[in-house]
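What follows is a set of notes on a single structure, which appears directly below.
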Amino acid sequence: DTGSAAAIPINEVDIAYVTPVTVGTPPQTLMLDLDTGSSDLWVFSSLTPSSQIRGQEIYTPTKSSTSQLLNGHTWSIRYGDGSSSRGTVFTDNFTIGGLEVKSQAVQTAQEVSSSFTQEQSLDGLVGLGFSTLNTVRPSSQLTFFDNARPNLDEEVFTADLKYHATGTYDFGFIDSKKHNGTITYTPVQPSPGYWTHSLSGYSVGSGAFQSSQISGISDTGTTLLYLPTAIVTAYYRQVQGAQNSQYYGGYVFPCASTLPTFTFGIEGARFTIPASYINYTRISPTSTTCYGGLQSSSGLGINIFGDVALKAAFVVFSGTNPPRIGFAPK
Ligand SMILES: Cc1cc(CN)n(C)n1
């Protein structure tokens, strides 16, 4: 089997990408954020208080002839950005891009934090991390990818995220039309459950490449690129008027400033992030101050290769044994 579905940016600065999925019988369509940085599949639902719903589509298990309550099971998750949700669990038929998993654990939200309520175009998440991170108790549940894996033509899924445009997630095959040249693979450490791997180094603009192993997670559910402070200060030293703002919680700079590109290494390959991806957003609609797409990871305890980096490549998440991740130019 294979599947292929759109990755649609939910706002004009690519804060997140959503993908149409169907749940239940007859199919209920929701727009979910495929997130390689977590492993819970949860949705806004008929069990979510109406006070916490603002325009999201919901899953109503009682309207599905194939839904089954997973009796006595609950879940609760908190993400790196402080957002959270919790609830109960059903199993039901679940499809992404024509790829169906019967009896997928679908976690129905009974509570979502305010940032989810405010994100009107996001109806939930599909965790594509390793199933060891799943928060359902008393028995943890498998991700969509782990459930689909035995039937996939190839034990992979790929992410082709785009800057200010719709890309794709493919399951079970590598579409050679979506990338130019070779895919460079590097080992993944599957514990504790993120797609954890190393960069082989970086360079700022036309500067010399600094070889250094930088360990972090490739996380499609995180918007920006978070790297060690030393790298980030070296980058913004090249930006007129840049400063690390306590007030805005990160590096900001005059929107008119010229930004250098940022290049990261995967083994011997090099991937350059255009300056436009790092000129992330104005801090408010009429402001001339802009917030950077490259920020320090010092407060996170982990480096995160989020969408700002991933959209500069075609990325292969390989569930083989041992797992690995591949990057190709596109
Ligand atoms: C909702 C959500 C997902 C992620 C990345 N795993 N973050 C940081 N926030």
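The values are calculated or read from the model by the stated rules, or taken from the named source; none is laboratory data. Note that the structure is predicted; figures quoted are calculated from it, not measured. Note that we place each Cβ from the backbone using ideal geometry, even for glycine, and neighbour counts take in every protein chain shown. Just the protein is used for accessible areas: all its heavy atoms, side chains included, with ligands, DNA and RNA removed. Shrake-Rupley method; radii C 1.70, N 1.55, O 1.52, S 1.80 Å.
Condition check: part of a loop (DSSP other than H, G, I, E, B), touching a residue at least 40 places away in the same chain (Cβ under 8 Å) and more than 13 Å from the ligand (Cβ to nearest atom). Does Ser140 satisfy that? Can you show your working first?
Working: part of a loop (DSSP other than H, G, I, E, B): yes; touching a residue at least 40 places away in the same chain (Cβ under 8 Å): no; more than 13 Å from the ligand (Cβ to nearest atom): yes.
Taking the combined requirement at face value, the residue does not satisfy it.
The set of residues in region 233-269 being surrounded by 17 or more Cβ atoms within 10 Å (Cβ to Cβ) and part of a strand (DSSP E or B) consists of Gly250, Tyr251, Val252, Phe253, Phe262, Thr263, Phe264, Gly265, Ile266, Ala269.
Being surrounded by fewer than 18 Cβ atoms within 10 Å (Cβ to Cβ), more than 16 Å from the ligand (Cβ to nearest atom) and of a type in the set (Gly, Ala, Ser) is the filter here, so list the residues in region 67-80 that pass it. Result: Gly72, single match.
When you go through Ser83, Ser113, Ser131, Ser64 one by one, which is the residue that is more than 16 Å from the ligand (Cβ to nearest atom) and of a type in the set (S, T, N, Q)? Explain how you work it out, then say what you get.
On the way: Ser83 fails: more than 16 Å from the ligand (Cβ to nearest atom); Ser113 fails: more than 16 Å from the ligand (Cβ to nearest atom); Ser131 fails: more than 16 Å from the ligand (Cβ to nearest atom).
Residue meeting the stated conditions: Ser64.
Can you tell me which residue within region 101-115, out of those that are surrounded by 16 or more Cβ atoms within 10 Å (Cβ to Cβ) and in contact (Cβ under 8 Å) with a residue 60 or more places away in the chain, is farthest from the chain's Cα centre (by Cα)? Residue satisfying both the conditions and the ranking: Gln110. In the set (1) out of contact with any Leu (no Cβ under 6 Å at 6 or more places or on another chain); (2) closer than 17 Å to Phe314 by Cβ; (3) among the hydrophobic types (A, V, I, L, M, F, W, C); (4) away from the ligand (no atom under 16 Å from the Cβ), Phe264 fails one condition alone, (1).
On the stretch given as region 160-174, residues that are open to solvent by 20 Å² or more (accessible area, probe 1.4 Å) and more than 15 Å from the chain's Cα centre (by Cα) total 4.
Can you find a residue that is farther than 18 Å from Val43 by Cβ, open to solvent by 20 Å² or more (accessible area, probe 1.4 Å) and at pLDDT 95 or above anywhere in region 117-131? Within region 117-131, one or more residues are farther than 18 Å from Val43 by Cβ, open to solvent by 20 Å² or more (accessible area, probe 1.4 Å) and at pLDDT 95 or above.
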